[in-house]
Amino acid sequence: MIDNLFNDLDSIDDIILIILTNANGTVKEIAEKTGIKEEAIYHLLEFLTIAGIVRKQNDRYFVDETTRTIASLIKDLEEPNITN
């Protein structure tokens, strides 16, 4: 079931980083931006909200700029940097 929620992404860490770098909006908006299933987005955002990493107001989720920047930097570090 977990595999079905997260499509073909490598790890939950990657998914969380993708969500954190794109998490300003509704679950549907974030799912459309990321290509991750809405159900997975919802559950992870609720967990991140409880953890105090994401803020929720009505049906919208928000990540502060510092958290988004850190997530983006970590995501960039994980991508292979090929230079010749």
(request) Search the range 11-41 for residues being buried (at least 17 other Cβ atoms within 10 Å of the Cβ) and of a type in the set (S, T, Y), and hand back the single one that is nearest to T66 (Cα to Cα). (result) T21
(message) So in the range 42-84, with the set limited to residues that are loosely packed, with under 10 Cβ neighbours inside 10 Å and modelled with pLDDT under 85, which one is farthest from I19 (Cα to Cα)?
(response) N84
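Report, by residue number, each residue of the range 14-45 that is in contact with a strand residue (DSSP E or B) (Cβ under 8 Å, 6 or more places away or on another chain) and either touching a residue at least 60 places away in the same chain (Cβ under 8 Å) or assigned to a helix (DSSP H, G or I) (or both). Walk me through how you get there before you give the answer.
So in the range 14-45, the residues in contact with a strand residue (DSSP E or B) (Cβ under 8 Å, 6 or more places away or on another chain) come out as 23-27, 30, 33, 45.
Result: V27, I30, K33, L45.
The values are calculated or read from the model by the stated rules, or taken from the named source; none is laboratory data. It should be emphasised that the depicted structure is a prediction, and the values quoted were computed from it without experimental measurement. Note: ideal-geometry Cβ built from the backbone for every residue, glycine included; neighbour counts use all protein chains shown.
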